[in-house]
Amino acid sequence: MNWRRLIPNSISSASLIFGVLSIFKTIEGDFFLAPVFIVIAVIFDSMDGRAARALGVGGDFGKEMDSLCDMCSFGVAPAIMIYMYGLQELGLAGQVIAALFAVGGCLRLARFNCNTGVVHGYFQGMPIPAGACFLATYVVSGYQFAPAVLAAVTLVIACIMYSEVKFPDFKGKGNPMYRLPVIIAVIVGAVMLYERPGAWPFVAMFTYTLAGIVNHVYRALTGKNK
């Protein structure tokens, strides 16, 4: 066995393990560790590709394994968590909406794998780890949306993951973030942070999401395509 391939694959496996642990904690009703384990899975997910490139062992196997791990940790685990946390009152409708979050993540992953050599410099649609983090940080934020509102938010995130909304990849190139959308998002985020400072992880994810959406609308309205 090539030990160099073992390292990034082990990191991907760790991400999957924490995703499964999140599901177990959701079943146990632990809505602190369940979202925390999802965030830890995101941290591991951010390292496997870097490790593979640093070791020069990139390839189709690693890419497919990463996507399969992501589907569990950032698609299925958050869907189960958000249903058990805040959508149970909606019954079957809540289950379907939670499942649609997983579907949106699956579509996002499939499109990403197909467009790896085409899309550069930005994220086409919200990355599935970001979608998972949005729900995870909400659960620990202290906010308590009504079930119908939470269902709408979950469905919006599901749609955004498989949308044409371009999110910055923070690598200094690609799709630009215009000043006005960023200012609007930052102001909204600052107000939320002032009202609930302890919810800063969710506020950060909300601001990131809002900036991408407003930037997309701004580009469409102004006709700016670069």
Quick check on the chain: helices-only [θ] at 222 nm, where DSSP H runs of length 4 and up contribute -39,500 (n - 2.57) each and the sum goes over total residues. Nearest 500, please. -23000 deg cm²/dmol
For the chain, averaging the sequence separation of alpha carbon pairs under 8 Å that lie six or more residues apart and dividing by its residue count, the contact order in percent is 19 percent
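With the cut-off at 1.5 for a/c, could you classify the range 1-108 from its C-alpha gyration tensor as rounded, prolate or oblate? Intermediate results must be reported in sequence, preceding the final value.
On the way: a/c = 3.53, a/b = 2.07, b/c = 1.70.
The shape class here is prolate.
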For the chain, give the percent of accessible area contributed by carbon and sulfur heavy atoms, probe 1.4 Å, rounded to a whole number. 70 percent
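From the square roots a ≥ b ≥ c of the eigenvalues of the alpha-carbon gyration tensor of the range 125-226, which class results: rounded (a/c under 1.5), prolate (a/b over b/c), or oblate? Please report the intermediate quantities before stating the final value.
Numbers: a/c = 1.88, a/b = 1.49, b/c = 1.26.
Judged from the Cα gyration tensor, the range 125-226 comes out prolate (a/c at least 1.5, a/b above b/c).
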Burial order of peptide ranges 154-160, 184-190, 77-83 (average beta-carbon count within 10 Å, highest first): 77-83, 154-160, 184-190
Tell me, how many Å apart are the Cα centres for the range 1-31 and for the range 71-116? 18 Å
Provide the per residue accessible area, probe 1.4 Å, for the chain, rounded to a whole number of square angstrom. 51 Å²
Residue with peak Gaussian network fluctuation, the chain [Cα springs, cutoff 10 Å], from VAL42, VAL139, VAL96: VAL96
For the pair ILE27 and LEU55, the simple spin-label estimate (label points 7 Å beyond Cα toward Cβ) gives in nm 3.1 nm
Taking a ≥ b ≥ c as the square roots of the eigenvalues of the Cα gyration tensor of the chain, is the shape rounded (a/c under 1.5), prolate (a/b larger than b/c) or oblate? oblate
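The values are calculated or read from the model by the stated rules, or taken from the named source; none is laboratory data. These numbers come from a predicted model, not from an experiment. FYI the Cβ positions are ideal-geometry reconstructions off the backbone, even for glycines, and counts take in every protein chain you see. Surface areas here come from the heavy atoms of the whole protein model, side chains and all, with no ligands, DNA or RNA. Shrake-Rupley method; radii C 1.70, N 1.55, O 1.52, S 1.80 Å.
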